[in-house]
Every structure is written in structure tokens, then in C-alpha cells.
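Visitor: Let me give you the structure first, and then I'll get to my questions.
Nothing in this text is a laboratory measurement; each read-out follows from the coordinates by a stated rule. All of these numbers come straight from a predicted model, not from anything done at the bench. So basically every Cβ, Gly included, is an ideal-geometry build from the backbone, and we count neighbours across all protein chains shown.
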Amino acid sequence: MTSIDANPYKSHIFVAARGLATKMLVMPGLALAFLSWVEPARAGDSYRWLQATTRGWQARAITQTDACPSAEIDGRPVAMTPRARPGEGFPIVICAVDVPKGAKSVAIDEAPLPPPPARVDKILVFGDTGCRLKSIFLQDCNSIRAWPFRLTADMAAEFAPDLVIHVGDYHYRESACPPGMKGCAGSPHGDNWETWKADFFDPGAALLRAAPWAMVRGNHEICKRAGKGWTRALSPLPPAEDEKCAEREPAYRVDIDDPTLFILDTTEAEERTVVGEQAAFLRTQLAVAKNVPGPVWYAFHKPIFSLFRSRLGETLGVNETLAAAAHDMLPASVQAILSGHLHAFEAIGFRDDRPAQFVVGVGGTAMDPHIPANFDGATIGEATVEHGRGIAAKFGFAIFERGDGEWIVTNYDAHAEPLLRCHLRGRKLDCE
Ligand SMILES: [Fe+2]
């Protein structure tokens, strides 16, 4: 299968055809989707999407020309305004316009975008999508098998979700591909547009256009790592006058009705020890739903409790700072927490009265080893697992579908094959 390893950045048409062929192989019904197939963006194309922000829904666009594109909401022209102008490493303009929740149609440059969802019955969750290039940790960014984010994003788009939640870590190419390494040869690196384009916007283009997004900030998007690109393009905050990156972003509510969804910034939460000052900030974040009736879902990057084994077989997975902050602080209305950071899929229901925890760090970044398939009864910090399931080494995404008094949660691989199905009723989890 050498064709799988072609450089996705050299031949978009080839990759689109290959992706489609793959889909038709694994999902014959998708052959019909050919007519609605959205080609990945080409160099010079603009990028556009609808995302949740601290001030409601917003359509955004990236353009390599000087002017913002034209836009229409419900057939009426509206002006997009620049939220970031060209700057060092970013020869692009990022434009934005607020979209009222009740809008029925949105178009940018006459191309439609999905409007804000009137009802959310199908939520797609994934994260940790970029291609890892950091010192000796080198992923083959040129291989769709080794780094399949384009495939997972294209497959995800075919599910036509009402909402996409990216649980953080978009940007992974921090150091140069060493000479002679064919797998990543030619890759850009660093916090600049070329890297953001290669790591996120190009491979994610079809999914960006297919559904509204809620973007969780990952620890890769902190100010000293990829904070410039985050602040310009994806941050939910209005642009600061001095264009400065915010070290901490406040919790905010995504403008959907059910479930009530809050996005939190847990990027700095120190895992191994309790950092008191961080915990104080996180307590204020975790209390955001205190007076909000349930069901509430929280989406934040670093999970409070996940589970993996060390090389010596030791059970790890508690984030000490988050656990200290969450102790007696998580509102009873919180039903579920959606996270990434661990590069695996995990679904965890607890014996004690806690929100279920889902970890979906499977979008494309190199996988974490030592994830048990079943960890019923395990103790993670102060929490005891009732049902714990893990899927190791399978790229893909999770779909949360509204059922009869429950949410049906399915973890799919990158070819849209279901791997695990769980049922969430209240805070209780059952997996098939
Ligand atoms: Fe992370």
C-alpha cells in the first residue's frame, strides 16, 4: 500500500481521490457522497468556519489577500472585520463576524457555512490532531497512515455532526525535521502560519466547513508554544488591543440549549503535584456551572482522571492540580467531562458520584502506549472506577448521539469502523 504514503501536501487531488476510495471501500454507502465531496483546500484558498466564542457564534475566515471576504447572514450582506492583520510569520488576515443563534443561513464568499445549530443531537469529539515533531519524537507527517488527521477529519465530516468539539492540541510541529528523515521532509515547524496550515487548517478544511465547532485550548496552544496562532485564529476571546496572548482564558458557555456546554482552559494544570495558585484559578473555572441546571457538560483539555500504566506497570492518570481544584467543587449538574491530552480513547464511569470522563485524544498525533482495555474497579487518586474502557493505538473520533434518555457514545477508528459503544445515563456509564 505504498500509495497511502504519498505526501498529502504535494498532491491534494490525489489525496482527495485516495480518501474517497478509502471511504467507499469501508463505507459503500458513502459512494453517494461523492457529489457532495468537499475538496481539501489548495494553496491560496481561504479557510472558513463557524465557531463558539465568548460572545456567541462567530464565522471566521483566513485569507491571504488584504481584504476580508464578503459574507451574508440570512441572505443579507454583513461585513467581516479583521481580528488579526498580517504579522511576523503570519502573512494572513483573520476575519470574523458575529452570527446570531437563530440565523438560518451563513455564507462567506458565496459559499455556505453551517448556521448555529438549532438542536444538537450528534456531537463529534476528537483532539490531539497535529503531527508531532519535537526533538527526538518524530512522526511521519508525510504519511497519511502514520499521521491520519486528514483522514479522520474527512471521515468525521461525512457524519454531518451538529457540533464538533476539538478537545485541544492542534499544533505539534515544534522542531525542524532532521536532515535525511524522509517521513517528515519538507515540513514547516514553529508557531507560524505555514505550520498551522500544515498541522490543522489544510487537513481539517473539509470538517471546518461541514459543522459548527467548539475549540478547546490545549497545552500546545499556551502562549510560549503555539500561542500566536491560537490567539490570532482560534481563541474564543475578542482580539486584545495589544494582540497579546492571554495566559488564561475564562470559561465560557457554548450557545446551544441541551446539553449545556462549557469550555474551560485547563492547559497549565500541573499533573504531578498540586500547584496552589493554578488550583485557585481552576476552582473558579470548575465552579462556572454552579447555579446552572443540568445536564451540563464540561470540555477541557487535560482530564482530571484518566488511566494509563507506566513502563513498570504502575497505574497513573490523576492530574493532581485539577483533582485538588475539583475536590468538592464540581457542580452536581455536571454529567460529563470531555478531554484529550492522553492519546487514546477512554470512557470512565465512577463508583462515587462524579461526572463521567471521556478522553478522545485520537485525532492524529502519535498514540500513547500502555492503555488497559478494561479498568473496572481501578483507583485513580481519590476516584474509584465503576466502568473503565480504553482503546489503544486506534486513530479516529467519538460520536455522541442523543438516544432515549441517554447519550450513545461510539468510538470510531479513522476508517469509520466502530470500536466501542457506551451508554451514558445521568452520570452512569455502560459499555457494550
Ligand atoms: Fe496535551
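Visitor: Order these peptides, 258-270, 180-192, by their mean beta-carbon neighbour count within 10 angstrom, highest first. Each step should come with its number before you reach the end.
Guide: Details: 258-270: 22.5, 180-192: 16.9.
Output ranking for 258-270, 180-192: 258-270, 180-192.
Visitor: Which of rounded, prolate or oblate describes region 282-432 when judged by the alpha-carbon gyration tensor and an a/c cut-off of 1.5?
Guide: Numbers: a/c = 1.61, a/b = 1.18, b/c = 1.36.
In terms of gyration-tensor shape, oblate.
Visitor: Let me ask another. Do any trypsin sites (Lys or Arg not before Pro) in region 115-158 lie in a loop, going by DSSP, with at most 13 other beta-carbon atoms within 10 Å of their beta carbon, and if so which?
Guide: When the trypsin sites (Lys or Arg not before Pro) of region 115-158 are filtered for loop state and at most 13 Cβ neighbours within 10 Å, R119, R145 remain.
Visitor: Right, another one. Length gain on complete extension for the stretch R272 to E194, per 0.36 nm per residue less the alpha carbon to alpha carbon distance?
Guide: Working: separation 78, 0.36 × 78 = 28.08 nm, distance 3.41 nm.
Contour length minus the Cα-Cα distance gives 24.7 nm.
Visitor: Take peptides 195-205, 319-329 and line them up by average Cβ neighbours within 10 Å, highest first, as a rough protection proxy. Don't jump to the answer; show the numbers that get you there.
Guide: Values: 195-205: 25.2, 319-329: 20.6.
Final packing ranking: 195-205, 319-329.
Visitor: How many percent of DSSP beta bridges within the chain run antiparallel, rounded to 5? Walk me through the numbers before you get to the answer.
Guide: Details: 69 of 90 bridges.
Taking every DSSP beta bridge with both residues in the chain, the antiparallel ones total about 75 percent.
Visitor: Let me ask another. If you filter region 211-284 for trypsin sites (Lys or Arg not before Pro), then keep DSSP loop positions with at most 13 other Cβ within 10 Å, what is left?
Guide: On the way: sites: R217, K224, R225, K228, R232, K244, R248, R253, R272, R283; in loops: R217, K224, R225, K244, R248, R272.
When the trypsin sites (Lys or Arg not before Pro) of region 211-284 are filtered for loop state and at most 13 Cβ neighbours within 10 Å, K224, K244, R272 remain.
Visitor: While we're looking at this one, here's another question. Near the amide H of C431, under 5 Å away, which other amide H atoms are found, from residues 5 or more places off or on another chain, if H is placed in the peptide plane?
Guide: H423
Visitor: Additional query: Amide H neighbours of L138 under 5 Å, at least 5 residues apart or on other chains, H built in the peptide plane: list them.
Guide: Under 5 Å from the amide H of L138 lies no amide H from a residue far enough along the sequence or on another chain.
Visitor: Same structure, new question: Can you give the net charge of the other residues whose Cβ lies under 14 Å from the Cβ of S333, counting K and R as +1 and D and E as -1?
Guide: Result for the local shell: +2.
Visitor: Where the Cα atoms of region 47-98 are projected onto their three principal axes, how long is each span, largest first, in whole Å?
Guide: 35, 23, 15
Visitor: Under a point spin-label approximation (7 Å from Cα along Cα-to-Cβ), what is the A332-S105 distance to one decimal in nm?
Guide: Using points 7 Å along Cα→Cβ, the separation is 4.8 nm.
Visitor: So what are the ³J(HN,Hα) numbers for region 235-247, from phi and the Karplus equation (6.51, -1.76, 1.60; θ = phi - 60°), rounded to whole Hz, Gly and Pro as x?
Guide: Coupling constants for region 235-247: 4, x, 7, x, x, 6, 4, 8, 6, 6, 6, 7, 5 Hz.
Visitor: In whole Hz and in residue order, list the ³J(HN,Hα) couplings for region 345-355 that follow from phi through the Karplus curve 6.51 cos²θ - 1.76 cosθ + 1.60, θ = phi - 60°; x for Gly and Pro.
Guide: Whole-Hz 3J(HN,Hα) from phi for region 345-355: 9, 9, 10, 9, x, 10, 6, 7, 7, 9, x.
Visitor: How much net charge surrounds E72 when only other residues with a Cβ under 11 Å from its Cβ are counted (Lys, Arg +1; Asp, Glu -1)?
Guide: Net charge in that neighbourhood comes out at -2.
Visitor: Between R248 and L316, what FRET efficiency comes out of the Förster formula 1/(1 + (r/R0)^6) with R0 = 25 Å and r the beta carbon distance, rounded to 0.05?
Guide: Values: r = 26 Å, r/R0 = 1.03.
Here the calculated transfer efficiency is 0.45.
Visitor: Follow-up. How long is the chain along each principal axis, judged by its Cα atoms, biggest number first, in Å?
Guide: Result, largest extent first: 54, 48, 43 Å.
Visitor: Determine the gain in length on full extension of the stretch I408-D66; use 0.36 nm per residue of separation and subtract their C-alpha separation, reporting nm with one decimal. Walk me through the intermediate numbers first.
Guide: Details: separation 342, 0.36 × 342 = 123.12 nm, distance 4.53 nm.
Full extension of this stretch gives 118.6 nm more.
Visitor: Around I256, under 13 Å between beta carbons, what's the net of Lys plus Arg minus Asp minus Glu among the other residues?
Guide: On the way: positive: K101, R119, K122, R253, R402; negative: D121, D162, D255, D257, D258.
Charge balance in the 13 Å sphere: 0.
Visitor: Here is a further query. Give me Rg/Rg_expected for region 60-174, where Rg uses Cα atoms only and Rg_expected = 2.2 N^0.38 Å with N residues.
Guide: Values: Rg = 17.2 Å, N = 115, 2.2 N^0.38 = 13.4 Å.
Against the empirical 2.2 N^0.38 Å value, I get 1.29 for region 60-174.
Visitor: In a Debye calculation with equal point scatterers on the alpha-carbon sites of region 213-326 and no solvent, what is log10 I(q)/I(0) at q = 0.14, 0.15, 0.16, 0.21 Å⁻¹?
Guide: With one equal scatterer per Cα and no solvent, log10 I(q)/I(0) is -0.64, -0.73, -0.82, -1.21.
Visitor: List, in order, the whole-Hz ³J(HN,Hα) value for each residue of region 408-423 obtained from phi through the Karplus relation with A = 6.51, B = -1.76, C = 1.60 and θ = phi - 60°; use x for Gly and Pro.
Guide: Going residue by residue, I get 9, 10, 10, 8, 9, 7, 5, 9, 6, 8, x, 10, 7, 10, 10, 10 Hz, with x marking Gly and Pro.
Visitor: While we're on this one: Of K134/K197; K182/K224; K122/K228; K224/K290; K182/K228, which pairs sit farther than 25 Å apart, going by alpha carbon to alpha carbon? Numbers along the way, then the final one.
Guide: On the way: K134/K197 18 Å; K182/K224 29 Å; K122/K228 32 Å; K224/K290 32 Å; K182/K228 29 Å.
Where the Cα-Cα span goes over 25 Å, the pairs concerned are K182/K224; K122/K228; K224/K290; K182/K228.
Visitor: Over the chain, what is the relative contact order in whole percent, taking alpha-carbon pairs under 8 Å and six or more residues apart?
Guide: Reported relative contact order: 14 percent.
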